[in-house]
Structures are given as C-alpha cells and as structure tokens.
Amino acid sequence: MTSKIKRNYLPEFFALGFVRTKPSMVTVNLTSRCNQQCVYCEIGQGISSKRTDRLTPDDLKWIIDQMAINKIPKISLCGGEPFLFDGILDAIAYAGEKNIRCSVTTNGMITHRLNELELDILRKCKTEINISVDSFRDEIQLITRGSQGSIPNALKSIEKLYKNGIPVTVLTVISKFNDRDLFQFFKSAYEKGIKQVLFQPVICYSNYPDRRAIDDKSQFNVSVEKLDILMDELRKILKFERNHKIKTNVYRFYPWIGDYLKTAEAKDGTWFFNKILKKFYCREIDAIIDISYDGGIQPCGLALSSINIYENRQLGLIALWKSATSELREEMQAGRCRDICNGCCHHFSRNMLASIMKYPFQNRLALIGLFPLIFSRIQSRALKKLNIART
Ligand SMILES: C[S@@+](CC[C@H](N)C(=O)[O-])C[C@H]1O[C@@H](n2cnc3c(N)ncnc32)[C@H](O)[C@@H]1O
Ligand code: SF4
Ligand code: SF4
C-alpha cells in the first residue's frame, strides 16, 4: 500500500496541484492481429483499416529508451493480442533493465504457453498481467469473446501466472450479455483465487480510430430499462468485496455508470460527464502517450494520429507527443469536447477525480458528493481487514 501511494497517488496529486511536467505512462498497441473475435471490438469484428502493423522490436527499444531519458515509469502493452507480437518478452526485459514497469493486457488465449524463462522475465520485471474475461459461463463468453476455448485458456493462463508469482487482474466488459451474471462471475472469480476484477461498460466509439466503429455499438450496453438489475448486481459485488480478499473498481464507477448508459442510449447530444461535473478536465491527454500499431502517436486513445515515431524521430518522443496532442489539448482547454469524449468511459473515473481536484469550486457539488464515497470506502476497507482477520 505504501509503495502504491508513492508510485501512483503522490505523483498524481502533485501533477494536478502543480503543473504536470511529463506524462506518467506510455501505452503501445503492439499489433492489430488477434485470436479472438469480440463482439464489441473493431479488430475482432474484422473492420478493415488502411493502416497496417509497423512497430518492430527496435521501435519498442527506442520508445523505452525515450521513456528512460524522460523518466516515464510505466508502459502498458496492448493490441490486438500483444502476445502475438514477436519480441514482447525482450521488450519487457529491456524495460525492466531501465526500471520501467510493464503491464500487459491480453485475452489469455496463449499466455499459458509461456516457458519458464519467459515467466522468469515477467516475474523479475514485476510485470502485471491483465486478462480479459467477461463470464465463466460458456454461452455468455462465446457471444462476447467470439471464440471457443477462451475460458479454459484464460483460466490456465491465470493459474500459471499466479503459480509463478506474477500478479493478474481480470478485466470484464459489462454488457447486455453478462449484466445478470456479474455477481455470480465475481464470486466464482474469488473462488478461483483471482485477486482483482476491474469492470467497464462498452465504449461506444471505435477503440481503434483508424477503423470505423462497429454499427450501433451502444446496443451492446445494458439498456436503461434494465439499469435497476445492473445496479443491484453491482451492490451485491460491493457487499461481497467488503468481506472477501478480492478487489474491484465498482465503487469508482458506481456514481456515474447510470448517467453514462442513459446518455449512450439516448444519443441526444448531451455529455454524460456534465451530469456529474460542471467543468471537465481530461487528465488522460496530459498523462498518457498512446502509440498505435502503425507507429502513430495518437492525440489520445480514441483519436486518430497524424504524427508518428518514424518521421522526425530525432526530435524525441516528448516533442513529437506534444505536437501530436496540441490541437486536441487546445480544444479541450477551450471547453470544446469531441464526440469521442462522450464514449470515453474507460478513463472517466480518473478524469472525474482529476476534474474535481483541478476545478474544486466549479465542481463543488461533485466534490461534496465525493466525501460520503471516500468515507464509505475507508470504512469498508477497515471492516474488510477486521472481518478477514477474524476468519
Ligand atoms: C482492446 S483489448 C486489447 C488487449 C487484448 N486483446 C484483450 O482483449 O485483452 C483491451 C481491453 O479492452 C476491452 N475492450 C475491447 N473493446 C471494448 C469496448 N468496446 N468497450 C469496452 N472495453 C472494450 C477488452 O475486453 C480488453 O479488456
Ligand atoms: S478485445 Fe482484444 S481479444 Fe477481443 S478482438 Fe479486440 S483485441 Fe482481440
Ligand atoms: S476521448 Fe476525450 S476525454 Fe477521452 S481521453 Fe480523449 S480527449 Fe480525453
């Protein structure tokens, strides 16, 4: 906990209170290849792009070198399926040598095939692995992830990683397909020894801005009509979390998920975050450098790149990133959000907190609403420690 405060919370607090001098993380989509066909993902649904995979292991080394020079401590490797990228383990080892922590987000289809040497690299480099699973019920998982064998493969991967001392988090997309199964899923995750499950609703814009979004993507979200059922599932998860050694992010999105789903369904041109915040600040543009499989430096995770790491590389990553983000940053500073911001639920918990900290007066209602939440979180963590110690 102390190291988490030092590593995550303190730098965040100073970055907001004063001026953020540099991003805190780089995310790289290593490849657009994948071995699943997820229903809510443009890659999985085979939506084509003119942009192709271009990143090489040497490009990754350059990115990591640039991170080391600029003291950026974290890299997140994603995709497509990142374990289909040849050289991922070398990149993790190289980052480890430079004291840069890696996290990898994978579907777990082939992660269990890692050999002893590779697992050793992950452990020594303190790599965190996120594995995406939407349900332990075959009929649900088959609809959302679209491929046979995804549950046993993910479970084999989770078991192997835990056995080798590598921390695993399960990532779960909340959709109309698994909304009634969330609590059962969370309970089974606990019974299977999983330590953390992070949920998020469906992002309704394209995950890969070089590809058109899946038609009517918001139809995959839980409908407003069924919101009560969803909130009930979430409350059961929160209650369970209080007494068991498993963590979630439910408390973070519980205050806003209803507004997000209502706006996604209504498509009435209102911003879901305005229901909670008077003044919005996007922390993500300042905090994360997003690099796409074609080497493009994206203005943010949902915006298309026009600058890449190949032209003018001699300027360095930070200078390239500053010009890649300048237009979007100016728009946001002027209070002009893009359409994509309405679909940006995966970053919203952080953005909400950042907006409240940056503009406490304008967001005073949200700030006031935050106190009971913080209090109940502290209380439930204390009770959890007590309950678990007793059992
Ligand atoms: C894009 S995937 C890439 C990494 C890897 N292929 C995987 O599935 O874990 C990263 C994460 O985004 C989630 N995801 C994909 N499409 C989504 C969407 N439309 N809404 C919310 N999450 C989504 C996936 O379930 C996964 O947890
Ligand atoms: S969400 Fe991940 S596993 Fe699913 S299709 Fe997209 S990239 Fe592949
Ligand atoms: S979509 Fe909007 S809110 Fe989300 S990261 Fe990009 S600029 Fe920020």
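Couple of notes before you dig in:
- Unmet criterion (only one of (1) more than 26 Å from residue 307 (Cβ to Cβ); (2) more than 16 Å from ligand 1 (Cβ to nearest atom)) for residue 54: (1)
- When residue 27 is tested against (1) away from ligand 3 (no atom under 16 Å from the Cβ); (2) crowded, with 18+ Cβ neighbours inside 10 Å, just one condition goes unmet, and that condition is (1).
- Just one residue in the set 366, 324, 303 is in contact (Cβ under 8 Å) with a residue 60 or more places away in the chain, surrounded by 15 or more Cβ atoms within 10 Å (Cβ to Cβ) and in a helix (DSSP H, G or I); that residue is 366.
- Of all residues making up segment 168-188, the number that are assigned to a loop (DSSP other than H, G, I, E, B) and either more than 10 Å from ligand 1 (Cβ to nearest atom) or charged (D, E, K, R) (or both): 6
- Residues that are closer than 18 Å to residue 294 by Cα and either more than 8 Å from ligand 2 (Cβ to nearest atom) or of a type in the set (A, V, I, L, M) (or both) within segment 33-50 comprise 33, 43, 46, 47, 48, 49, 50, listed in sequence order.
- Among the conditions (1) within 19 Å of residue 36 (Cα to Cα); (2) among the β-branched types (Val, Ile, Thr); (3) in a loop (DSSP other than H, G, I, E, B), the only one that residue 194 does not satisfy is (1).
- Qualifying residue in segment 339-353 (condition: in a loop (DSSP other than H, G, I, E, B) and within 16 Å of ligand 2 (Cβ to nearest atom)): yes
- Where a residue in segment 272-299 is without any contact (Cβ under 8 Å) to a residue 24 or more places away in the chain and its partner, wherever it lies, is part of a helix (DSSP H, G or I), with Cβ under 8 Å and at least six apart: 275/259; 275/263
- Selection count, segment 109-126, where residues are more than 20 Å from residue 153 (Cα to Cα) and not in a helix (DSSP H, G or I): 2
- Qualifying positions in segment 42-70 - assigned to a loop (DSSP other than H, G, I, E, B) and either in contact with a strand residue (DSSP E or B) (Cβ under 9 Å, 6 or more places away or on another chain) or at pLDDT below 95 (or both): 51, 54, 55
- Test: residue in segment 215-224 that is within 18 Å of the chain's Cα centre (by Cα) and of a type outside the set (A, V, I, L, M, F, W, C): yes
- Scope segment 189-222; condition of a type outside the set (D, E, K, R), more than 11 Å from residue 246 (Cα to Cα) and away from ligand 1 (no atom under 12 Å from the Cβ); matching residues: 209, 222
- Of residues in segment 147-166 being surrounded by fewer than 16 Cβ atoms within 10 Å (Cβ to Cβ) and of a type outside the set (D, E, K, R), the one nearest to residue 127 (Cα to Cα): 165
- Summed over segment 321-342, residues that are more than 7 Å from ligand 3 (Cβ to nearest atom) and of a type outside the set (Asp, Glu) total 12.
The values are calculated or read from the model by the stated rules, or taken from the named source; none is laboratory data. Here the structure is a predicted model, which is why all the values come from computation and not from measurement. We place every Cβ from the backbone using ideal geometry, glycine too, and count neighbours over all the protein chains shown.
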